[in-house]
Every structure is written in structure tokens, then in C-alpha cells.
Amino acid sequence: MDVLVFGAGSLGSLVGGLLARAGHDVTLVGRDPHVAAIRGAGLHVGGEFDFTVHPTARTTAPEHADIAVVTVKAFDTETAARALEGVPDVTLSLGNGMGNEATLAEHLDTVLAGTCTYGALRPEPGVVHCTGVGEVVLGPRDGGESEAADRVGRAFADAMVTTVADDMPRRLWEKLAVNAGINAPTALARVENGALVEGPGNEVARAAGREVAALARAEGVDLPDEAAVDAVVRVAEATAANHSSMLQDVAAERRTEVDAITGYVADLAPERGVETPVNATLASLLRAWERERGLR
Ligand SMILES: NC(=O)C1=CN([C@@H]2O[C@H](COP(=O)(O)OP(=O)(O)OC[C@H]3O[C@@H](n4cnc5c(N)ncnc54)[C@H](OP(=O)(O)O)[C@@H]3O)[C@@H](O)[C@H]2O)C=CC1
Ligand SMILES: CC(C)(CO)C(=O)C(=O)O
């Protein structure tokens, strides 16, 4: 399969590297110096793996791809969608946050929803480290089954732990609960994910997750409070030593994905008559930090 990874940063490079190792014809679209390094010595995948592949690497999208995997940060999704118009037969969104698939679908046909719990970071240009083997879950963004999802699932199954699911709306909301429960609290408290498993941070994480579950149900998605809270605690335990992506962004003084995660919850809830005081407070504090740093 011709696979285009659009947004070849940490996660995109890991996904692209694993797909290339599995024999797919991979094109990574990212930015220099990472792209230049890959075009030179190739892409080294370290951490949980140890191999080097030589995918095509460029800074603009090619004319065509069988599959486009979008791995940009949520705030770059609209730009990515415009850049991909007319290129892929099928598009898979793997970024965190809610709304990415809808944005892509405004510009592209056949958009699949996806979640990814593999961990990735880039220590230097041309190198990506897998910091944890997880799972890619993908399927039609409105739920159900499709030939396109089965086709992409088969391509991914050669390279990564992959599940094709018929309940992606529920899975996207459960991932949103996880990210709302973990990312903002760890970013603001400057703590690793495991600090939320017990003690004062645990109730904030649980409350944030419960609020997301209530909003999911208001949107017609059956996500019980207990399922959302269990997912938050389970992932915090499983990634206890991790610095969440939002903590990494705050530590690096980079723009965060608050508007697609905690801010998405806080902004939508009033329109649905749902009270989300914890997410509203966390979103306001993060947005105040971004504003003070000139990031919004
Ligand atoms: N890293 C991880 O372990 C995981 C990440 N995720 C999610 O995946 C998404 C990506 O995360 P991550 O990989 O860490 O982020 P990165 O910032 O490392 O990767 C995104 C990359 O896309 C590039 N990019 C953005 N727009 C364009 C464009 N128009 N053309 C070319 N390149 C572009 C960025 O370049 P530049 O920075 O120069 O703009 C950046 O290199 C996020 O939503 C994150 O929450 C989910 C699970 C795990
Ligand atoms: C699951 C979790 C919270 C792991 O850190 C994540 O997706 C992130 O950091 O963005």
C-alpha cells in the first residue's frame, strides 16, 4: 500500500517507520530538519524497537496515496485537510482531541476515526523512540463497519497492534475522557501521569472524566460515568511514568491541544445543558497560561 503520513513528528514517524518496516511504500510529510535527516541517513526507530528504514520524506504532500494517516496536532488539522485535498483514497485520523475527523471530512472523502496509545518522542532529527507499545483502534467515524476500515486495518495489522472497531464514537469519547482526566491536570500540576492515581489529583482526574461522560451521553453516545473514570485511572496507572503530551508542551512553552480536549468539553457543555465545572476551570487556567505566554 502507498501510505502517506501527514504530520511526521513523533507519533507520525513511529507509525510511518513501523508501516515501512512491514513493507508498505511510506511517504512521510513533515518539516526540516527531521525530514532532511531522514532523507540522509534514513529514519531510526528506537526505544521499544531498534531498526532503520528509508521511507520517502518530504515537506509537501504527494499527488496521490492509497491511505493518508494524519498525525498533526489538533490545531493543525484544518491546514492538513486543505493540503491533502484530492490526494488520498482513504484518510485515517490518529491525533488526540475531538473534532479532527469532522474537520478532515469537510475536505476529504472517506475519513476514518482512530485512536492510538503507542508512545513516541523524537530525541533528535531522523530518530524516533517508541516509549510504549500500545494499540491503534480504527473504524468508520460514525460507527458501524466499512470496506475502507477493513482495508486500512489489514495494512496496519502487518505493522502494529491494530483493532478495527464498529463503535468509534464511543471510543473517541472515552479517549477524550482519558485526555481530559490526565492531560490538563498533569500539565497544570507539573506531575507525571501516575500522580493522578491516588491522592488529591485523583479526584480531579475522576471528576473531569465523569464530566466528559455526561457530555458524551448528551451527544447521544452511551458512555457510563464508571467506564470513563475506569479508563482515566487505568491509563494513568499504565502510563504512570509518562509526562503527558500537554505537560511536555507546557514544559517546552509550546501551544497545547487544550482547545480540542478540555476546552472542547468546556465550550460544548453549556450548549448541551451539561455542567462541567472542573473542565471549565482547567481550560480557563491553561488558556490563561497560553495567553500569558503569547501562544493564543
Ligand atoms: N507523541 C505521542 O506519544 C502521542 C501523540 N498523540 C497525538 O498525536 C498528535 C501528534 O502528536 P506528536 O506526534 O507528539 O506531535 P508532533 O508535534 O511531534 O508532530 C506533529 C508534526 O506535524 C508537523 N506538521 C504540522 N503541520 C504540518 C504541515 N502542514 N506540513 C508538514 N508538517 C506539519 C509538525 O511540525 P511543526 O512542529 O514544525 O509544526 C510536527 O512535526 C497529537 O494530537 C497528539 O496528542 C497520540 C498518542 C500518542
Ligand atoms: C494517554 C496519554 C495521557 C498518555 O500520556 C496521552 O494520550 C497524552 O499524553 O496525550
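General remarks:
- Among residues other than Leu172 with Cβ under 15 Å from its Cβ, the summed charge is -4 (Lys and Arg +1, Asp and Glu -1).
- Helix runs (DSSP H) in the chain reaching 24 Å along axis by Cα, Kyte-Doolittle at least -0.5: 168-189, 200-218
- Of all DSSP-defined beta bridges confined to the chain, some 30% are antiparallel rather than parallel.
- Antiparallel bridge percentage (DSSP; both residues within region 47-131; nearest 5): 25 percent
- Selected from Leu138, Leu43, Ala266, residue furthest toward positive end of dipole (the chain; charges at beta carbon): Leu43
- Cα gyration tensor category, rounded, prolate or oblate, for region 1-67 with a/c compared to 1.5: oblate
- Trypsin sites (Lys or Arg not before Pro) restricted to region 148-221 and DSSP loop, no more than 14 other C-beta within 10 Å: Arg190
- Table column - 3J(HN,Hα) (Hz), region 51-63, Karplus curve with 6.51, -1.76, 1.60, x for Gly and Pro: 8, 10, 10, 10, x, 5, 10, 8, 10, 10, 6, x, 6
- Formal net charge of residues neighbouring Leu108 (Cβ-Cβ distance under 13 Å; K, R +1; D, E -1): -4
- The value of relative contact order for the chain, using C-alpha pairs under 8 Å at least six residues apart, is 14 percent.
- Here region 1-40 and region 141-177 have alpha carbon centers that stand 21 Å from each other.
- Net charge over other residues, Cβ less than 12 angstrom from the Cβ of Pro185 (K, R count +1; D, E count -1): 0
- Cut-off under 5 Å, modelled amide H: who pairs with Ala120 long-range: Thr131
- Residues whose placed amide H lies under 5 Å from that of Val26, excluding near-sequence neighbours: Val3, Thr56
- Estimated from helices alone, the mean residue ellipticity of the chain at 222 nm is -13500 deg cm²/dmol (sum of -39500 (n - 2.57) over DSSP H runs with n ≥ 4, per residue).
- Integer Hz, Karplus 6.51/-1.76/1.60 couplings in order for region 260-267, x for Gly and Pro: 9, 10, 5, x, 4, 5, 5, 7
- Computed from backbone phi, the HN-Hα couplings of region 126-141 come to x, 10, 9, 10, 7, 9, x, 7, x, 7, 9, 10, 9, x, x, 5 Hz, rounded to whole numbers (Karplus: 6.51 cos²θ - 1.76 cosθ + 1.60, θ = phi - 60°; Gly and Pro given as x).
- Packing rank of 270-280, 80-90, 94-104, where each peptide gets the mean count of other beta carbons within 10 Å, highest leading: 94-104, 80-90, 270-280
- Dmax and Rg, reported as Rg then Dmax, of the chain (C-alpha, Å): 18.3, 54
- Shape of region 169-292 from the C-alpha gyration tensor: oblate (a/c of 1.5 or more and a/b not above b/c, with a ≥ b ≥ c the square roots of its eigenvalues).
- Annotation: the antiparallel percentage among DSSP beta bridges lying fully within region 1-144 is about 35.
- In terms of overall dimensions, the C-alpha atoms belonging to region 220-264 reach 36, 27, 9 Å along their principal axes, ordered largest to smallest.
Any read-out appearing in this document is the output of simple, stated calculations on the displayed coordinates, not a laboratory observation. Here the structure is a predicted model, which is why all the values come from computation and not from measurement. With ideal geometry, Cβ positions are generated from the backbone for all residues, glycine too; neighbour counts draw on all protein chains shown.
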